[in-house]
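Comments concern the structure below.
The values are calculated or read from the model by the stated rules, or taken from the named source; none is laboratory data. Values in this document were obtained by computation on a predicted structure and should not be read as measured data. Glycine gets a Cβ as well: all are built from the backbone with ideal geometry, and neighbour counts include every protein chain shown. Remember, those area values only see protein heavy atoms, side chains included, never the ligands or the DNA or RNA. Shrake-Rupley method; radii C 1.70, N 1.55, O 1.52, S 1.80 Å.
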Amino acid sequence: DQVATTLARAANLRLATRTSVDRYRNRRNVDAREVGRALQVRHVLQATLWPQRNRVLVVALLSNADDGRELWRDSFERDASDILATLDSITNAITAAVQRHVLHLTGPVLAATSLRGTSDTTAYELYLRGQTLLRARGSSVRRAVELFEQATAHDGKFARAHAGLAAALEVLPNFADTTYAEVHDRATLAARRALQLDSTLAEAQTALALASMHALRWAEADSEFRRAIALDPSDPTAHFHYARYLIYVGRPADAVVEMQNAKRMDPTSAVVGGWLARLLLSVNRRTEAFAEIDRALELDSMSVPASFMGAEIAVARGQRERARRLAEISWRPQGVLRSAPWPGGCSAGWPAAL
């Protein structure tokens with residue numbers, strides 16, 4: 001998390017999303033060329049960690065994704081008694097190496113500043129666990145909310161934890177017995193607190209935009225989504241949710257463009273692929289829609305949102321048995337998506353959730 005956060009702030013450097021990268025975690029002998037093709041990246045950074053009593057050993061490897069060639073390798077053995085200082089030390093070394101080999105900086109390297117946002121080890125661990133559960137969606141979202149709340153209780157000035165809390169609350173109604181109205185005040189307060197502490201957090205700005213959208217404050221939502229994208233143009237989440245907004249206000253052609261932006265930044269997301277397929281179907285680009293939903297379900301055949309969209313598209317293709325099977329997946333108890341009519345030209349068939 002810390003290496004990715006630091007590298008993302010480097011000039012002219014785009015990172016694959018953490019959701020995309022998650023599929024390669026805990027895998028041995030990962031082929032950099034395979035990762036490069038799947039995630040559409042030119043370089044791959046891998047690291048392995050071994051805890052050793054009161055020490056920790058990290059081996060890092062930077063490869064060229066075009067040919068798998070090793071560009072840099074190093075190992076770091078540090079005292080684990082102060083884990084945050086250890087993180088800072090390793091992050092600085094790895095960031096310096098990436099800046100030399102990827103950005104080709106010949107002079108002094110850019111300072112790899114710690115962007116954790118907290119010096120509280122417990123708060124940071126709670127935050128990381130919360131983010132992992134939030135990405136998992138389903139019933140994990142409620143636990144993510146609890147962990148983010150615990151993180152902010154440990155460090156009230158931890159902006160990223162407040163942003164995570166706001167984001168989790170805004171998707172909680174999709175996976176729990178609650179409503180957007182019930183979480184609105186808490187989510188808005190958390191998002192505003194995060195932005196007060198760190199005005200550059202796109203995640204918090206996106207959560208604020210979602211709160212306005214779910215409250216049907218369309219003009220506010222539009223300006224807030226635009227602000228989120230301006231803060232981080234490479235954030236697929238902001239583009240994805242803005243595309244949903246454009247659907248709900250009756251601008252499907254613009255929504256296709258934004259959803260394609262999200263797909264370009266996160267090509268392995270079955271959720272994005274499912275929504276894009278349904279959008280393409282809505283603007284009568286049927287051949288593209290059919291290909292896109294097949295690709296999305298190949299990425300994740302058990303994705304609730306992709307299955308929801310896939311069921312409807314299967315009906316349009318005359319695939320009744322496939323539609324039934326996908327509908328069963330999309331309505332399984334741990335991941336039900338709710339549907340609701342939306343004003344502004346959106347049909348009732350669009351899910352109000354992700």
Test: residue in region 273-292 that is hydroxyl-bearing (Ser, Thr, Tyr) and outside any helix (DSSP H, G or I): no
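Yes/no matrix, rows are residues, columns are (1) out of contact with any Leu (no Cβ under 8 Å at 6 or more places or on another chain); (2) closer than 16 Å to Arg100 by Cβ:
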position: Val21; (1), (2): no, no
position: Leu61; (1), (2): no, yes
position: Ala65; (1), (2): yes, no
position: Arg73; (1), (2): no, yes
Single residue of Thr118, Thr86 found to be surrounded by 15 or more Cβ atoms within 10 Å (Cβ to Cβ), touching a strand residue (DSSP E or B) at 6+ places or on another chain (Cβ under 8 Å) and not aromatic (Phe, Trp, Tyr): Thr86
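Of everything in region 229-288, what is in contact with a Gly (Cβ under 6 Å, 6 or more places away or on another chain) and hydrophobic (A, V, I, L, M, F, W, C)? Give them in sequence order.
Within region 229-288, Val249 is the sole residue that qualifies.
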Check on Val257, without any contact (Cβ under 8 Å) to a residue 60 or more places away in the chain, aliphatic (A, V, I, L, M), surrounded by fewer than 17 Cβ atoms within 10 Å (Cβ to Cβ) and in a helix (DSSP H, G or I): yes
Region 260-272 - residue that is assigned to a helix (DSSP H, G or I) and in contact (Cβ under 8 Å) with a residue 60 or more places away in the chain and, of those, least open to solvent (accessible area, probe 1.4 Å): Met265
Top-ranked residue of region 301-354 - restricted to ones that are of a type in the set (Phe, Trp, Tyr) and part of a loop (DSSP other than H, G, I, E, B), ranked as modelled with the lowest pLDDT: Trp342
